[in-house]
Each structure stands twice: as C-alpha cells, then as structure tokens.
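Undergrad: Got a structure here, written out as structure tokens. Questions coming.
The values are calculated or read from the model by the stated rules, or taken from the named source; none is laboratory data. Nothing here was measured: the structure is a model prediction, and the numbers come from that model. Positions of Cβ are generated from backbone atoms using ideal geometry, with glycine treated the same way; all protein chains shown enter the neighbour counts.
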Amino acid sequence: MNRIAKTAALMLAVLSLAACSKDKAETVNYLDVTYANLNGSWQLAEWDGVAMDLDAAETGSGAYCYITFDRREHTFVIYQNFDSMYARTITGSFSIDTDDYLGEVISGRYDYDNGYWNHDYTVSELLSDSMVWTATDDPDDICKYIRVDGIPDSLSN
C-alpha cells in the first residue's frame, strides 16, 4: 500500500509540474496601418529573407534603402542605391487603402511623372519598431523594415 501511495504522490507531482511548465503564448498587439503609425523613417532590414547590411550607408559597403513618410502630406522620400552605384533620393506621394481580401495596402507614385511603384504592398505585422511589406502581385517579394531615428547625415545632405 505504501508503494501505491508513493507512486500516486509522484504521479501527482509530475502532473502538477507539467501543468505549470506550459508556456503561455505571448499575444502580439499589432498596430493599425495608418498614416500616423507609418510616419517617420524606416530602413530596409530584410528583403526576401536575406538580411541587409544595416551599416551600408555609413560604410559605403553595400546596398541600402531608407524611406521617410510624412503622415500629413502623404508624401515619402526614399534614399537608396539599388539601381546606381551612387545614392539616389526619390520623392513622391503614397496612399493606404483597405482591401477586403488583402488588408491594408500601401501604394505610391513618384514625383515628376515618373510613374507608380513597381508593386503595391500589403503592410502587416506593424509594430512601433518594425513592419513587413508583401507585394500584392508577388507573395514571394517580402520586405521587412525597421524604424530608425532618422536618415544618416551622409545621405540627407
């Protein structure tokens, strides 16, 4: 009988520990995709699963892309060197629309009649410090942006 009581007590202890050790899933509270929540400067941190060199603009050692959104004017300024060995500054306007199927979609138009962005993007996983863009017509084209305090001085002068 003593052996049965010890076994029962051991089983009860194991079950109690197992019940306590379950991790509660953290709830992530994503922000609404609004002009106010996009306002500010962002740096492209990852493109199609490949991490970008976050120091490339300062070191001149690789590709970079920064975008600054103005929530009131619905304008953007892009600082990038993807299509040139030299830095380029590109300006334009952007809009956020809700698609019943895709969710919040951002699209843009370049100034000086230079046309529209190559893709419209679904904005997801928006936090105060990061967001994910997925091209609406190419779900494999995924960009992750991180919020930055500003554009590096070497680019904005």
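Undergrad: Which of the residues spanning the range 41-73 are touching a strand residue (DSSP E or B) at 6+ places or on another chain (Cβ under 9 Å) and more than 23 Å from ASP141 (Cβ to Cβ)? Lay out the reasoning, then the answer.
TA: Step one: filter the range 41-73 for residues touching a strand residue (DSSP E or B) at 6+ places or on another chain (Cβ under 9 Å), giving 41-49, 51-52, 54, 57, 63-71, 73.
Correct list: ASP70, ARG71, GLU73.
Undergrad: Another question, then. Quick one: count up the residues across the range 124-157 that are in a strand (DSSP E or B), aliphatic (A, V, I, L, M), touching a residue at least 60 places away in the same chain (Cβ under 8 Å) and more than 16 Å from THR68 (Cβ to Cβ).
TA: Going through the range 124-157 one residue at a time, the tally reaches 1.
Yes/no per residue for (1) within 24 Å of VAL50 (Cα to Cα); (2) among the basic types (Lys, Arg); (3) touching a Ser or Thr at 6+ places or on another chain (Cβ under 6 Å); (4) modelled with pLDDT of 95 or more:
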residue: GLN80; (1), (2), (3), (4): yes, no, no, no
residue: PHE94; (1), (2), (3), (4): no, no, no, yes
residue: LEU126; (1), (2), (3), (4): yes, no, no, yes
residue: MET131; (1), (2), (3), (4): yes, no, no, yes
residue: THR134; (1), (2), (3), (4): yes, no, yes, yes
residue: ASP138; (1), (2), (3), (4): yes, no, no, yes
residue: LEU155; (1), (2), (3), (4): yes, no, no, no
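Undergrad: Restricting attention to the range 30-53, which residues are without any contact (Cβ under 8 Å) to a residue 60 or more places away in the chain, surrounded by fewer than 17 Cβ atoms within 10 Å (Cβ to Cβ) and either of a type in the set (A, V, I, L, M, F, W, C) or farther than 26 Å from HIS74 by Cβ (or both)?
TA: Correct list: ALA36, VAL50, ALA51, ASP53.
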